[in-house]
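Take a look at the structure set out below.
The values are calculated or read from the model by the stated rules, or taken from the named source; none is laboratory data. Since we're looking at a predicted model, the values are computed, not measured. Virtual Cβ from ideal backbone geometry, glycine too; neighbours counted across all protein chains shown. Just so you know, the surface numbers come from the protein's heavy atoms only, side chains and all, with ligands and any DNA or RNA stripped out. Shrake-Rupley method; radii C 1.70, N 1.55, O 1.52, S 1.80 Å.
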2 protein chains.
Amino acid sequence: MPYQPPVRDHAFLLRDLLELERYANLPAFADASMETVDQILDEAARFTAEVLAPLNSVGDKEGCHWAADNSVTTPKGFKAAYEQLVAGGWPGLGSDPAYGGQGLPHVVNLAFSEMSSSANMAFSMYPGLTHGAYSAILAAGTPEQKDLYLPKLASFQWGGTMNLTEPHCGTDLGLLRTKAVPNGDGTYKISGQKIWISGGEQDLTENIVHLVLARIEGAPAGTRGISLFIVPKFLPDAEGAPGARNSVKCLGLEEKMGIHGNATCVISHEEATGWLLGEENRGLSIMFIMMNEARLGVGMQGLAQAEAAYQAAAAFAKERLQGRSLTGPKNPDGPADPIIVHPDIRRMLMDSRAIIEGGRAFLFWTALHGDLAEASPDEAARQKGHDYMALMTPVLKGFLTDKGFQVCSDAMQVHGGAGFTEHFPVSQYLRDCRIALIYEGTNGIQALDLVGRKLAADGGRAVMGFFAELDGYVAETEALGLDELKPFTEGLAKAKGELQEATLWLMQNGLANPDNAGAASTDYLHLFGLTALAYMWTKMARTAQAKIADGAADPIYAEKLTVGRYYMARVLPQTAAHLAKLKTGAETMMALPAEAF
Amino acid sequence: MPYQPPVRDHAFLLRDLLELERYANLPAFADASMETVDQILDEAARFTAEVLAPLNSVGDKEGCHWAADNSVTTPKGFKAAYEQLVAGGWPGLGSDPAYGGQGLPHVVNLAFSEMSSSANMAFSMYPGLTHGAYSAILAAGTPEQKDLYLPKLASFQWGGTMNLTEPHCGTDLGLLRTKAVPNGDGTYKISGQKIWISGGEQDLTENIVHLVLARIEGAPAGTRGISLFIVPKFLPDAEGAPGARNSVKCLGLEEKMGIHGNATCVISHEEATGWLLGEENRGLSIMFIMMNEARLGVGMQGLAQAEAAYQAAAAFAKERLQGRSLTGPKNPDGPADPIIVHPDIRRMLMDSRAIIEGGRAFLFWTALHGDLAEASPDEAARQKGHDYMALMTPVLKGFLTDKGFQVCSDAMQVHGGAGFTEHFPVSQYLRDCRIALIYEGTNGIQALDLVGRKLAADGGRAVMGFFAELDGYVAETEALGLDELKPFTEGLAKAKGELQEATLWLMQNGLANPDNAGAASTDYLHLFGLTALAYMWTKMARTAQAKIADGAADPIYAEKLTVGRYYMARVLPQTAAHLAKLKTGAETMMALPAEAF
């Protein structure tokens, strides 16, 4: 069965859980009535399922082609699909109307992005990075830069890239060597080699706008001497059309485990002409605008691959006849029962749903806070939106990709031997998903960002606010006195207590020995993610319970209560193990000398 | 850094932990003095590192080639390496001297097998399955069949395969359709299609001995009507040399996520000539001799890929300079510190070692029981050996492959973006390892075998014996009154208590509703595996402590104590989560109707 976009779940989240219509007074939301949103979801589903999904396996098997003239050809069909993407008006969904966008809330655009990524992750990375470049120029560009680049990027006529990594420097950007020499006319000569540049060269767009980190001659060493430059493949002419070829070229493509349809390029800047974006030596802070958006997008990719893999596994489990139910035949007229009757198959499918549906709620809930950070007239709501976006981004990136990979692996397991062959789609989902744990900052870096920066920011305001919100929600829900909700409030309260205990432990032990914070970080991130999903499942259960009490007949509400109870019983108990592990500190972890490895 | 066989750890296990020389009075062990064993380990290390490891990536990138004449060519260099394997006398290491083998204990041969599998898993599957066919014929063949086939299989001159799976039937062999029609002369005509036959066709051996499950005309339906046949590719002539070509052929190869160097064949039997092996309709029980050996071998493969991936990760972590230690520079004269200084990198490396070294001890300890089951003059030791082999086989297969895959994934994570490219070896380890969770019975099937068959066998004799052994060992170790061993005895006693509680829960709830047993099975298997490794780490710690007290200066002993403490602090706390999850039973897991997926 091909991928089916989860329109019903998206509508549940936007309409019932997040109650999008409550925000109709805000500018971005005014045009996002649920009627409009439903139409967008339906059309997004059609486009992604009919145009992008059929090219997913093509892209995997064919890959991209590099030629000696430094050009790159994307897999067969990608260019035509990209033209349909542009023609369909999809690029502008969440972009500023001032630059040709539709200005809808990001949370609505997110539904489209998720569907695109499930349907074809490698393809969707091209527009995904373009949107990141759009956001960085929107935030830091001069009026002229905005006028020149934003309409082209908002419409996806031009592509965008992030040029960070060099052979000797990835996570540690302070080691960066690419240099920028002023030409005296406001432009710079950029020289250096960048690697792992997604979409660094392709045949989809008439121009490519590289955002390049480089060090201006004489700038300080380390991260305080890094600036960001706009380096277009073709220099815009007086009319803003692609003009002379810039001396930036693709020297080759990486062979990778997955995302074969996306060109991962070695990019050489050979005295290429670049324009400074933002202030000198402030490049990293601007790049992080793009990076934070990308991190949220990578969390979404983990979820999206999990959704597609789960769907393949569920379809297989309902079709494949093998063995009999332990409680008596369920398909007595057939030669065997479908394998979905077996508890261990159910375990994997239920684990997957509990993570996917809870994770999607967490992602969309956070994205709504991102919209409120920009658009709310209420100062407190804007601050909370900013706080939560900053706090939740590393959790979403790390947790959803770690768990997304596990879901893909379980989906392969449901398939048995068939899953290991390339005749079935699940190997590709697993291979494609794996990069999401690595790029835009490995999940270990996300965990360090969480414990090292985000917890302590503004005196812990964000995390304290989150704890208070959880306490309030538990108390308010308990006050309803509903038996159906008891497993939820009990589980959430326990998890929140453990997360708070872990936070306190970090405060007490991380300062004394910073290695304690590093040693605890990944367990802490997972404890946080599990607790956040417990909150989401409690919210979803309460919403579903109210709908059922109101007489709603759609089976989705009863399913939410069941999958939620499964989450509380079968997934959430993991929190105690994370707490126990992290409280043992760094001592045994760091005890061996490096030579002993 | 290329793969380095872990000779030092093998010697520690065989000499110090298992005290192989204690068994010098047993026939198989008489020739296995530690001096001989050390020589074997050294030569095995040389052969696997120098001959097999360099071909690993070649096999992955080139794969096998099928031609229209139904022939299969293995990757470049495989045939020459196979000739060296045969010439080196490696095949006979663990085989019966009556058929040309050296008759050494299986536990010694296991060290060689592990090294081979780490060096080149796809290559090592060819001799691995040959040894399985050898074992099945040794157990069930007529004297003529043994004389004809065993010397050829023991020397690896001929290859062996298992022909079980058909397109519509994998786990559920009762659905098997391949049929056998008696020719009246003691031979049968075998007809049917088999899939996923590893080494079903290749260019390494002069003949291939297929062991084929088929249903004799008129036999009962289901698993009670299945017989096992010997179907050689070339019919042996009067001298036992390969004669006329049998009508069994390879119709094609599977495209797979990994193990590209091993030919996974579609095999068509077209009235092929076969000989019954063992009794009519008793084929499954004989196949399970081969299958059980294979399952232990697959657990070993999970461990072997983990070892190779860990080594690559450790080498990368010591070389790659990126960032500074949280506690101050460790490489102040360099541009950055090696990433091994970062706690989250250590976490992954230490998790890996805790699993690999504990898992290897568990595997070797079990294999020794397998040797004692065959060779001990003591009836009780033989029975215990049989009991433990039966009980531990599903745990070793499921636990070591699940954890082995996790180690491979962590090793990729240590590499960051480099790990996702095919320039580094870790993608292959991850992809190759993934099949081990699936074949020879998926890990879900292992878990069902454990809770459904192995626990209850002989009134629970094996598991009760194991619990008593753990209690005894804890008491004996506590009585030593050594502080260094306290974290071990405390952790082991707690884990054993949880495992016993889970076992009791299964006895009480599995009968009332068999779905409860199925729902608990995977968590139970992991709880069992973690407890078994806690036992192994306690044994290793006590052994190491005694050595240190005796003045032994080799750093391996102090390392064992440190890695063991890490296991107890950072890995073992997972047991409580498994117990909590499994005790919630099947209710939420099975609550949704199948259509809801």
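FRET efficiency for A:Ala241 and A:Gln84, Cβ-Cβ distance as r, R0 = 30 Å, nearest 0.05? Result of the calculation: an efficiency of 0.85.
Based on Cα contacts under 8 Å between residues 6+ apart, chain B shows a relative contact order of 12 percent. Buried accessible surface for the B/A chain pair comes to about 7700 Å², total over both chains, computed with a 1.4 Å probe.
For the set B:Trp537, B:Trp196, B:Trp66, the ranking by accessible area, highest first and with no ligand, DNA or RNA atoms included, is B:Trp66, B:Trp196, B:Trp537 under a 1.4 Å probe. The residues B:Thr36, B:Thr205, sorted by heavy-atom accessible surface at 1.4 Å with ligands and nucleic acids left out, run B:Thr36, B:Thr205 from largest to smallest. The calculated FRET efficiency for B:Arg453 paired with A:Arg282, based on their beta-carbon distance and R0 = 41 Å, is about 0.05. Dimensions of the stretch A:332-490 along the principal axes, based on C-alpha atoms and rounded to the nearest Å, stand at 64, 44, 27, largest first. In order along the stretch A:422-436, phi translates into HN-Hα couplings of 8, 6, 9, x, 6, 4, 5, 4, 4, 5, 5, 4, 4, 5, 5 Hz, rounded to whole numbers, per the Karplus curve 6.51 cos²θ - 1.76 cosθ + 1.60 with θ = phi - 60° and x for Gly and Pro. In units of the compact-protein estimate 2.2 N^0.38 Å, the protein assembly as shown shows a Cα radius of gyration of 0.94.
Looking down the axis that turns chain B into chain A, the chain B residue with its beta carbon nearest that axis, and the gap rounded to whole angstrom, comes out as B:Ala577, 2.
Counting only alpha carbon atoms, the long axis of helix A:143-154 and the longest principal axis of chain A meet at about 50°.
Could you tell me the accessible area of A:His342 in Å² (1.4 Å probe, neighbours in place), rounded to the nearest ten? Rounded to the nearest 10, the figure is 40 Å². In angstrom, the C-alpha Rg and Dmax of the stretch B:235-381 are 25.2, 77. The Cα trace of the stretch A:442-591 gives Rg and Dmax of 17.3, 60 Å, the first to one decimal, the second as a whole number. Computed over protein heavy atoms with a 1.4 angstrom probe, the accessible surface ordering of A:Lys146, A:Lys384, largest first, is A:Lys384, A:Lys146. Going by alpha carbons, how many degrees (0 to 90, nearest 10) lie between the helix axis of B:486-510 and the longest principal axis of chain B? For B:486-510 against chain B, the angle is about 50 degrees.
Heavy-atom accessible surface of A:Met464, to the nearest 10 Å², is about 90 Å², with a 1.4 Å probe and all protein chains retained.
Counting only Cβ charges, +1 for Lys and Arg and -1 for Asp and Glu, the dipole size of chain B around its Cα centre is about 1060 debye.
Approximating the spin labels as points 7 Å out from Cα along Cα→Cβ, the A:Arg177-to-A:Glu422 distance works out to 3.6 nm.
Ellipticity at 222 nm from helices only: DSSP H runs of n ≥ 4 in chain A, each -39500 (n - 2.57), divided by the residue count, give -17500 deg cm²/dmol. For A:Lys583, the aspartates and glutamates whose Cα falls under 13 Å of its own Cα, not counting residues fewer than eight places away in the same chain, are A:Glu498, A:Glu501, A:Asp515, A:Asp523. Computed with a 1.4 Å probe over protein heavy atoms only, the accessible surface of the stretch A:180-234 comes to 32 Å² per residue. Of all aspartates and glutamates in the structure, those lying under 13 Å Cα to Cα from A:Lys560, and not within fewer than 8 positions of it along the same chain, are A:Asp9, A:Asp16, A:Glu357, A:Glu484.
What pairs from B:Lys454/B:Lys496; B:Lys539/B:Lys581; A:Lys233/B:Lys318; A:Lys403/B:Lys194; B:Lys76/B:Lys249 go past 26 Å between their alpha carbons? Cα-Cα > 26 Å for B:Lys539/B:Lys581; A:Lys233/B:Lys318; A:Lys403/B:Lys194; rest within. The label point for A:Ala596 and the one for A:Glu255, both projected 7 Å from the Cα toward the Cβ, are 3.8 nm apart. Counts of other chain beta carbons within 10 angstrom of each beta carbon in peptide B:323-332 average 3. Look at the dipole of chain A built from charges on Cβ: of A:Ala520, A:Ala111, A:Ala67, the Cα furthest out on the positive end belongs to A:Ala520. Counting only Cβ charges, +1 for Lys and Arg and -1 for Asp and Glu, the dipole size of the protein assembly as shown around its Cα centre is about 480 debye.
Using bins of 10 Å that start at zero, the share of Cα-Cα pairs per bin across chain A amounts to 3, 16, 27, 27, 18, 7, 2, 0, 0, in whole %. Estimated at the nearest 10 Å², the accessible area of A:Trp275 is 80 Å² with a 1.4 Å probe. Applying 0.36 nm per residue to the separation of B:Gln157 and B:Met507 and subtracting their alpha-carbon distance, the gain on full extension is 121.2 nm.
Over the C-alpha trace of the stretch A:57-202, radius of gyration and Dmax come out as 16.9, 49 angstrom.
Within the stretch A:159-281, all pairs of alpha-carbon atoms sorted by distance into 10 Å bins from zero give the percentages 14, 46, 31, 9, 0.
What separates the B:Glu501 label point from its copies, with the point 7 Å along Cα to Cβ, is 1.5 nm, written shortest first.
In chain A, the longest principal axis of the Cα atoms and the axis of helix A:106-119 are about 90 degrees apart.
Approximating the spin labels as points 7 Å out from Cα along Cα→Cβ, the B:Leu482-to-B:Arg461 distance works out to 3.4 nm. A label point on A:Ile548, set 7 Å along the Cα-to-Cβ line, lies at 5.7 nm from each of its counterparts in the other copies, closest listed first. Computed over every Cα-Cα pair of the stretch A:366-436 and binned at 10 Å starting from 0, the pair-distance distribution P(r) comes out as 21, 29, 20, 18, 10, 2 percent.
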